[in-house]
Amino acid sequence: MKNSKKTNQDNSDGKQNDLEYNKSNAENEFLTTNQGVKINDNNNSLKSGERGPSLLEDFILREKITHFDHERIPERIVHARGSGAHGYFELYNSMEKYTKAGFLNDKSIKTPVFVRFSTVAGSRGSTDLARDVRGFAVKFYTQEGIFDLVGNNMPVFFIQDAMKFPDLIHAVKAEPHNEIPQAASAHDTFWDFISLMPESMHMIMWVMSDRAIPRSLRMMEGFGVHTFRFINDKNESHFVKFHWKPKLGTHGVAWDEAQKISGKNSDFHKLDLWEAIEAGNFPEWELGVQIIPESDEHKFDFDLLDPTKLVPEELVPVTIVGKMVLNKNPDNFFAETEQVAFHPGHIVPGIDFTNDPLLQGRLFSYTDTQLSRLGSPNFHEIPINRTIAPMHNNQRDGHMRQEIAKGKVSYHPNSLGGGCPFQAKMDQGGFVSFNERVDAHKVRERSKSFSDHFSQAALFYNSQTPIEQDHIASALSFELGKVETVSIRERMLGLLNHVDSNLAATVAKTLGIAVPKDIEKPINHGVGADDEGNQEPAKVKQNIGSSDALSMLKNPTISNTIATRQIAFLCADGVNADSIKVMKIALQNAGAKAVIIAPHLGTIVSAEGTEIAVEQTYKIAASVLFDGVFIPSGKGIADLSKIKEVKEFLNDAYHHCKFIAAEAEGVQILKNNSDIKAKDSGVLTSENSADKLLATSFIKALGRHRFWEREKTL
Ligand code: HDE
């Protein structure tokens, strides 16, 4: 096997394709067939006479069409829609006390990574802004082999056992009889399933929160979800939970905004990531770990093996150990983002699994899915999937084998090949599974320690600010409002009542039904207690009632940076160039981008007579694609009131709680807009032109992301 010649160090700008085709230089880069035959005519098929039938012997046409006919591969069953990027991971402090994994020991190593973010429910062409959990999968090309951290942007999951995964996915995907709705959970089958699965209630709180509608893939946290193990060189195990903390903070958009973005630009997240990297604004996350000694396994009021539970940061703090930087876009979407094959079973010495029954099921699923999706057990030979560690074994052949294995020995043990390749002892870096003692009966059961389904759902809900709680109630009202079967709505209200009675009552009001009093007790399907395998969910007293880290608005990791934010400048001929300049420079100095919008493309002429380049027109631009709005001063600005799209722009910005700033004549535009109440402190105005103080307070305000308090007045 030819391995990449690059080392980890020189590969830090992203893993490059190491498959080099015979490239000709630009002057003689002729069009050829796949066999290298130069093509003379790429426009006409071979025919018997100019108006005659095509000839079967046209190998050029047949090769081209055959390849085209087979251009598509099955999309991923889940996480079909994705965006990828290359980058690197760098360690701050050696973790050798806990793990012997080389990339977590040696600070001098820059480990190349490839990340794929995704939505779960929709198909490959669906919108980015669906309400959904986001996949956050990181492939580390370490010197000891590939480590995949295949996580999500939420720290828990819907179900506890892999056995329920196909059911969950069937329920959330478009309904099978009419393939409706696309990339949306707001339909009967999803909520039917959820209403019968009390174990999903914690995750439901997360997916009904603004975490499910991120402002940007660059502004999401990531989580390994399951409890894993770190193994050190003394073969000691510690439990570990993985976290990714974004340097830009964790932010969401408003739900109405998400729906409008889906119409205006369904590639909003994909484009945002692409453009940030192209502009050199490389997104960064810090890797954090929660480490729990083996001896503390049973210390918590939940089971560490239960993937519907998180470990509150108040109980076990997150230690930051390194950072990941994404600094290169893929060269080819299909070759890299589509063909990348993640697998939670891709681990390296120093990391190991636990018996989380969801993780255990995943360990089977991912290789299996690559076989049907990528079509061959040789998917590891696709450039994006290749390890940079030396690779030698006796696996041979199969569809599309790239390696030309030499010699006649393809078995072990052998003497004819000098015994090669050899098994590696533990001290030579050989992978040895953690020697966990397992002594049990073979059963189809779930541990009783998994049966508290409401305490952490309530913990999450109670940890939110009132604004965030309102958003959860609104999301539930939207989703359940779209459900047609009344008994499903009622069952859901019954479950919500176990989380928080006010939440249930608020949602019930919008559904026009009462929270049912006589609803059956929620049943834990599959959790063994009675003859039918059911057991009532247990309520366990919790150690803590609230955790700030669970709230996006309270979360201390949120920085006030406005770096990479897009601010719309609503302009027209006759605008004051100075007013634009002062605000633009101030925003740029804070790392944000000003986008000049005007009634026409080309240039506008300022009041001072200078020409200003226009980037977008009001026909193209929409408030939902921006983080804030500025209306500069200038006589010509008064005409903006006459433009229908400007009114819509401002209404949306206002309703989605964005910060709006305006100067002099710009202020008048706001006053002319009946929806906007200038008293609101999220609307910043100045009667002066080119007001530096206004710029300073606008930047400070934008650092808060949104003026959510406005919602109460709308
Ligand atoms: Fe996955 N999941 N999953 N999953 N998952 C896949 O693998 C599966 C689960 C996650 O960008 C599939 O290559 C089962 C939890 C991500 O390529 C498939 C179960 C978490 C991605 C699969 C789970 C994830 C996948 C589909 C329950 C968060 C996208 C295509 C036992 C920790 C990776 C593929 C990418 C993809 C199976 C549950 C994360 C079918 C059976 C929990 C981020 O193998």
What accessible area per residue, rounded to a whole number of Å², is obtained for the chain using a probe radius of 1.4 Å? 46 Å²
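Classify the range 263-412: rounded, prolate or oblate, from the alpha-carbon gyration tensor (a ≥ b ≥ c, eigenvalue square roots; a/c under 1.5 rounded; otherwise prolate if a/b is larger than b/c)? Write down the numbers at each step before the final one.
Values: a/c = 2.03, a/b = 1.20, b/c = 1.69.
Oblate, because a/c is 1.5 or more while a/b does not exceed b/c.
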Cα centroids of the range 578-604 and the range 79-111: how far apart, whole angstrom? 39 Å
Sequence gap at least 6, Cα distance under 8 Å: using those rules, report the relative contact order of the chain to the nearest whole percent. 12 percent
When a/c reaches 1.5 or more, the comparison of a/b and b/c decides; with that in mind, is the chain rounded, prolate or oblate per its Cα gyration tensor? oblate
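How high is the relative contact order of the range 566-713? Use alpha-carbon pairs under 8 Å, at least six apart in sequence, and give a whole percent.
Values: 304 pairs, mean separation 38.0, N = 148.
Taking the mean separation of contacting Cα pairs over the length of the range 566-713, I get 26 percent.
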Charge tally in the Cβ shell below 13 Å around S501, where Lys, Arg are +1 and Asp, Glu are -1, S501 excluded: +1
Computed for the range 458-505: size of charge dipole around the Cα centre, +1 on C-beta of each Lys and Arg, -1 on C-beta of each Asp and Glu, debye to nearest 20, value 120 debye
Cross-link list K309/K658; K234/K323; K619/K712: which exceed 29 angstrom alpha carbon to alpha carbon? K309/K658; K619/K712
Selected from A568, W708, A661, residue furthest toward positive end of dipole (the range 566-713; charges at beta carbon): W708
In terms of Cα to Cα distance under 20 Å, which aspartates and glutamates are near enough to K299, apart from those fewer than 8 places away along the same chain? E236, E313, E314, D356, E436, D452
Per its Cα gyration tensor (rounded if a/c is under 1.5, else prolate when a/b beats b/c, else oblate), the range 326-428 is best filed as oblate
If you average the alpha carbon positions of the range 165-230 and of the range 345-385, how far apart do those two centres end up, in angstrom? 22 Å
Sorting S547, G430, M583 by the position of each Cα along the dipole of the chain (Lys, Arg +1; Asp, Glu -1; all at Cβ), the one nearest the positive end of that ordering is M583
For the chain, build the charge dipole from Cβ charges (+1 Lys, Arg; -1 Asp, Glu) around the Cα centre, then report which of S477, Q259, A690 sits farthest towards its positive end. A690
A 1.4 Å probe over the protein heavy atoms gives the chain a carbon and sulfur accessible-area percentage of 52 percent
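Using a simple charge model, +1 on the beta-carbon of Lys and Arg, -1 on the beta-carbon of Asp and Glu, nothing else, what dipole does the chain show about its Cα centre, in debye to the nearest 20? Could you put the intermediate results ahead of the total?
Numbers: 80 positive and 93 negative charges, 153 e Å.
Here the chain has a charge dipole of around 740 debye.
The values are calculated or read from the model by the stated rules, or taken from the named source; none is laboratory data. Computed from a prediction, not measured in an experiment: that's the story for all the values here. With ideal geometry, Cβ positions are generated from the backbone for all residues, glycine too; neighbour counts draw on all protein chains shown. Heavy atoms of the whole protein, side chains included, go into the accessibility calculation; ligands, DNA and RNA do not. Shrake-Rupley method; radii C 1.70, N 1.55, O 1.52, S 1.80 Å.
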